[in-house]
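To start, the structure under review is shown below, and the notes come after it.
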Amino acid sequence: QPVAAGSGIPEIKCYLNGVKVPGIVRLRTLLCKVFGVLFSVAGGLFVGKEGPMIHSGAVVGAGLPQFQSISLRKIQFNFPYFRSDRDKRDFVSAGAAAGVAAAFGAPIGGTLFSLEEGSSFWNQGLTWKVLFCSMSATFTLNFFRSGIQFGSWGSFQLPGLLNFGEFKCSDSDKKCHLWTAMDLGFFVVMGVIGGLLGATFNCLNKRLAKYRMRNVHPKPKLVRVLESLLVSLVTTVVVFMASMVLGECRQMSSSSQIGNDSFQLQVTSEDVNSSIKTFFCPNETYNDMATLFFNPQESAILQLFHQDGTFSPVTLALFFALYFLLACWTYGISVPSGLFVPALLCGAAFGRLVANVLKSYIGLGHVYSGTFALIGAAAFLGGVVRMTISLTVILIESTNEITYGLPIMITLMVAKWTGDFFNKGIYDIHVGLRGVPLLEWETEVEMDKLRASDIMEPNLTYVYPHTRIQSLVSILRTTVHHAFPVVTENRGNEKEFMKGNQLISNNIKFKKSSILTRAGEQRRRSQSMKSYPSSELRNVCDEHVPEEPAEKEDLLQQMLERRYTPYPNLYPDQSPSEDWTMEERFRPLTLHGLILRSQLVTLLVRGVCYSESQSSASQPRLSYAEMAEDYPRYPDIHDLDLTLLNPRMIVDVTPYMNPSPFTVSPNTHVSQVFNLFRTMGLRHLPVVNAVGEIVGIITRHNLTYEFLHARLRQHYQTI
């Protein structure tokens, strides 16, 4: 399951943005993710488990409400609820939030993460549901971890997998302050440096990812395995050699075991002492480099946050450089790997380095090393992932210290602004490398120079209200569109076309009925206003379509033989690209609705059609439950057995189409189109002129950054 590689956050972000990545929420992906991250973290790779936990939570959220899995086909439950993309997307949002809450013990941060980083479409009712899900995840994890580790079930002492400990001054030290107003200036500078380091990290990782896409991924799968083994080998050698050659043997003291007088860490002295590594050093001394490298990443972060005077500036600088390069190389190999904890550890080393320099070389005695380590971690992580609100709340909840709110937010904002000046966040970079049409939160201001008519697709593939099976099969097999406009043509001699052909007659009658409905509404509105409808509407209302018997002669076939087709899509043997004139290609089409590909295939599979000698009322009707029975894996048109279908039969699609889709005018600003797409969760947006004729259609592809800039360049050239 190759999609299980990496953190999974870019893929979940794409899914919540409205793009389905194949296999991203399958049960096999979950199993590979869970066992893969277990061994990659335990094996000593510079990866974290928080990103994969978010992905795992999203998979659980997607699969659990469905009560079925493609990997477990024999297990079937008749559960008809939550059978739509919108419901499934909501559950994925809740699952991703639960993953963050379990990883950091931050339920509010998980909710904000799902809102800020993931979901494109958010409603108010979803907020408390996601928050309740995050709270439940934190409660469950806390219950089991506390019971297993301490044996006291129900004590709730360990809220998350990653706990930063408590930052607290001792009561005896009156001069101790977690941070002062003067420190904010240093925090801003650290935010700038963190943004630069994050931009450098993202740039290097992007180049590595491009190299892997060109030289590793096209080759046999064994090459990916060998690359992962090479990274493991190099990481092991670097960690061992750096600890043995570059590490310093420092004297053990009481401050190195239980923290200095300014700190009260909520762990015993034995636990702290056990995390200090001697590693070829004499008795009563320890190796500071090995203490960072040979501990679990969470323990190393706690060492940097709460131990004072145990790491020399040279050791911190070398550790930061080595960890930076190895973490950048590791993120992107074919193993489940997160980025949160490596970025936090790397940034914490940077923060402790700054604190040591301020204390030793500048003489600022009031500097609280743990605070600077936390701010450094926030600066580097913010410079890499470019998150602000959710990351601030996650760090505040992880530290249990609300006073850190202001410095963390300032640092993250400065780091994000600095990094955005050079490139995007790491997740957006990997989304772009995959070529996913991700929609941003808003468009640029200059895009308002474009209109809907500038970006729409004018070459339409459409169906009629009543269409032959052979035409539907041809359209579905020769296109990959997800939805098709349901249209009728506007012609002056429609009565002649109606003669002798039931198919064309049914289509024209449907158009007339829709016009009569609109005209009737206009007449009632006019009568209520003590006025009269216009003469044109009065003529339409008074016109009745006569029921004329079908003739034996097939008038449509004769027109086809004369190379003149009033309804070219009814017969697939004419290619639009070859035989249609410009007038036929862009003929006036009245829009009546949209119908999905999955709906058309379901109608064909279930044989919903009628013969030309029958009325459309004789066509079988399907309920909504029957139409959605195969969700989310509808049958494919290429698997359809054509021998079971009569190509001359007719399908009436009007009972199953969406008769009132969202539409825009050709003169609508691109920003309005973009906001409508994002807020309503659309996939297709017909462009309709003032008289109800469809002139084009806008899809997600037409709103991507690259497409809009290409059209803007064309717009400037025409000017």
Notebook entry, point to check: Taking Cα pairs under 8 Å and at least six residues apart, what relative contact order does the stretch 1-145 come out at, in percent?
Noted result: 23 percent
Next item on the list: Report the net charge of residues surrounding Arg606, where surrounding means a beta-carbon distance below 12 angstrom and charges are Lys +1, Arg +1, Asp -1, Glu -1.
Entry: -2
Item checked: Overall dimensions of the stretch 1-145 as given by Cα atoms, namely Rg and Dmax in Å -> 14.6, 45
Item checked: Cross-link table Lys449/Lys509; Lys20/Lys221; Lys49/Lys424; Lys221/Lys277; Lys20/Lys206, entries beyond 30 Å C-alpha to C-alpha -> Lys449/Lys509; Lys221/Lys277
Margin query: Once the cut-off is 17 Å, how many percent of the Cα-Cα pairs in the stretch 295-413 end up in the long-distance tail?
Written below: 55 percent
Next item on the list: Might you work out the accessible area of Met680 for me, using a 1.4 Å probe with all protein chains in place, and round it to the nearest 10 Å²?
Entry: 80 Å²
Next item on the list: Find which of Val59, Leu27, Phe113 sits farthest along the positive direction of the dipole of the stretch 1-145, computed with +1 on the beta-carbon of Lys and Arg, -1 on that of Asp and Glu, about the Cα centre.
Entry: Leu27
Notebook entry, point to check: How far, in nm, would the chain grow between Tyr716 and His638 when pulled straight, counting 0.36 nm per residue and subtracting the alpha carbon separation?
Noted result: 23.8 nm
Checklist line | Convex hull volume of the stretch 327-474 per residue (C-alpha atoms, cubic angstrom) | finding: 227 Å³
Margin query: Expected output is a single nm value to one decimal: the length gained when fully extending between Arg214 and Leu406, i.e. 0.36 nm times separation in residues minus the C-alpha distance. What is it?
Written below: 64.7 nm
Item checked: Solvent-accessible heavy-atom area per residue, rounded to whole Å², over the stretch 1-145 at 1.4 Å -> 43 Å²
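The values are calculated or read from the model by the stated rules, or taken from the named source; none is laboratory data. Predicted, not measured: the structure shown is a model, and the values here were computed from it. Cβ sites come from the backbone with ideal geometry, for glycine too, and all protein chains shown count toward neighbours. These area figures cover heavy atoms from the full protein model, side chains too; ligands, DNA and RNA do not enter into them. Shrake-Rupley method; radii C 1.70, N 1.55, O 1.52, S 1.80 Å.
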